[in-house]
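No value in this document is a laboratory result; all are computed from the given coordinates. Treat the numbers as computed from the prediction; the structure is a model and nothing was measured. Cβ placement follows ideal geometry from the backbone for every residue including glycine, while neighbour counts extend to all protein chains displayed.
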């Protein structure tokens, strides 16, 4: 494999590497010499120069193979030679394409970024020295992505997940040093700002997790008042415990979003019941989770929630992107409001293919406003009422106000916020 990478670095392309990767099952673990890193660096930078992001992905998958095959107890040679610094350089070049060159929607660039982040995860599990080196440089590059409003929510979520995995394997003493560094403290303030503005509950949760992981209990209690000017929020954040993170964080974020008032970008509503087609979904089996929460995300244009997973203790996440929705309707009975979301293509929920998701809410809740905020609607809306066997349709221009949330409303979606997720 190293010889194929050397060939690619001399401008011969990556076709031979692709053939190797397809037939890899029968190959022995790969060894390499000190020449590998210079060839990798030259090859990846050449492909970035030509915007050949698919070839970048191929070379990054080679990095993953060398770490997966390296079973030696000592630190890998690639780490000793400075691979982490090279990864930071590649990542920053990719982010430059993403943020300044109009390629934010290029799927091959997105895939290359994901392959780089996958490589980082594998390295963090294989190399303690590599993980420590990441704390000096890579986490700040990841932090930029997390806090950059122009980056898609999908990539920001991937960067957050990678950051939290790095912090998870970081020794306590290294986390303590990290939390005291001036650069880290500036980054944590930006994370706190992002929680207020990002408009996506899952990203709010993951960013809160990063703040907890970047500090010790003592330093968190000291720094939290710098993160949140609102003393009520600062005190509430202190109450988040690692062993009860999901439920404690839910209480904190519900409080935070409610206190934002008209500036809030996440609405969390407790539902009475939820269905994936005809199958009822249950809230996660956690005695401290009192409600089945449905999150309407104005920033990421989505509806998210967690359900019980019969096969594991982990909560199963479900996300309905605006771009994957055909339309939605809100109906009202004597006891409930029902939000029905119809999907363009089936999605997998609890291993079932689903085209329709339905939520039941208490009558007192305003379901319409969060639904329009998360899933959108054009300036025409339809109100249908039936009386004495006749059907009447009223069409008006403009956004529907809260007072109109008393009838059947169907909104067809035109502009998309995120691509559908298959």
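If you line up the long axis of helix 182-197 against the longest principal axis of the chain, both from Cα atoms, how many degrees apart are they, to the nearest 10?
Compared with the principal axis, the helix lies near 30 degrees.
Could you let me know the centre-to-centre spacing of the range 66-112 and the range 205-258, using Cα atoms, in angstrom?
If you average the Cα positions of each part, the centres end up 31 Å apart.
Among 376, 82, 102, which one shows the highest mean-square fluctuation when the chain is modelled as a Gaussian network with alpha-carbon springs under 10 Å?
In this elastic network of the chain, the residue with the biggest mean-square fluctuation among 376, 82, 102 is 102.
Arrange the peptides 124-131, 298-305 so that the one whose residues have, on average, the most other Cβ atoms within 10 Å appears first.
Top to bottom by mean Cβ count within 10 Å: 298-305, 124-131.
Could you sort the peptides 177-184, 307-314 by per-residue average Cβ neighbour count (10 Å cutoff), highest mean leading?
Taking the mean over residues of other Cβ atoms within 10 Å, the ranking is 177-184, 307-314.
Using Cβ counts within 10 Å as a stand-in for footprinting exposure, how do 51, 119, 364, 268 rank, fewest first?
The most exposed by this proxy come first: 364, 51, 268, 119.
Find the Rg to Rh ratio for the chain, where Rh is the Kirkwood radius over alpha-carbon pairs and Rg uses the same atoms.
Result: Rg/Rh = 1.02.
Alpha carbons only, please: Rg and Dmax for the range 178-296, in angstrom.
Radius of gyration, then largest Cα-Cα span, for the range 178-296: 15.5, 53 Å.
Taking the Cβ of each residue in 170, 162, 197, 150 as the centre, tally the other Cβ atoms inside 10 Å and list the residues starting with the fewest.
Ordered by Cβ neighbours within 10 Å, fewest first: 150, 197, 170, 162.
In whole Å, what are the extents of the range 273-381 along the principal axes defined by its C-alpha atoms, from largest to smallest?
The Cα atoms of the range 273-381 stretch 44, 31, 28 Å along the principal axes, largest first.
Measure nothing fancy, just the Cα-based angle from helix 245-259's long axis to the longest principal axis of the chain, in degrees from 0 to 90, nearest 10.
Helix 245-259 and the main axis of the chain meet at about 60 degrees.
Over the range 67-174, consider all pairs of different Cα atoms and compute the Kirkwood hydrodynamic radius from their mean reciprocal separation; express it in Å, one decimal.
In the range 67-174 this quantity evaluates to 14.3 Å.
For the range 126-179, what percent of Cα pairs sit more than 12 Å apart?
64
Using just the helices of the chain, give the 222 nm mean residue ellipticity in deg cm²/dmol: DSSP H runs with n ≥ 4 each add -39,500 (n - 2.57), and the total is spread over all residues, rounded to 500.
-15000 deg cm²/dmol
Over the alpha-carbon set of the range 213-262, work out the extent along each principal axis and list the three values in angstrom, largest first.
Sorted largest first, the three principal extents are 34, 24, 14 Å.
For the peptides 209-217, 253-261, 91-99, what is the packing order when you average, over each peptide's residues, the other Cβ atoms within 10 Å and list the highest mean first?
In decreasing order of mean packing, 209-217, 253-261, 91-99 become 209-217, 91-99, 253-261.
Could you state the angle between the C-alpha long axis of helix 201-213 and the longest principal axis of the C-alpha atoms of the chain, as a value from 0 to 90 degrees rounded to the nearest 10?
Compared with the principal axis, the helix lies near 50 degrees.
Compute the orientation-averaged projected area for the range 172-238 from the convex hull of its Cα atoms and round it to one decimal in nm².
The Cα convex hull of the range 172-238, projected and averaged over all directions, gives 4.2 nm².
Rounded if a/c is under 1.5, else prolate if a/b is larger than b/c, else oblate: which is the range 1-59, with a ≥ b ≥ c the root eigenvalues of its Cα gyration tensor?
Here the range 1-59 falls in the oblate category.
Treat the range 1-105 as a sphere of radius equal to its Kirkwood radius over Cα pairs and apply Stokes-Einstein at 20 °C in a medium of 1.002 mPa s; give the translational diffusion coefficient in µm²/s, rounded to a whole number.
After rounding, the answer is 148 µm²/s.
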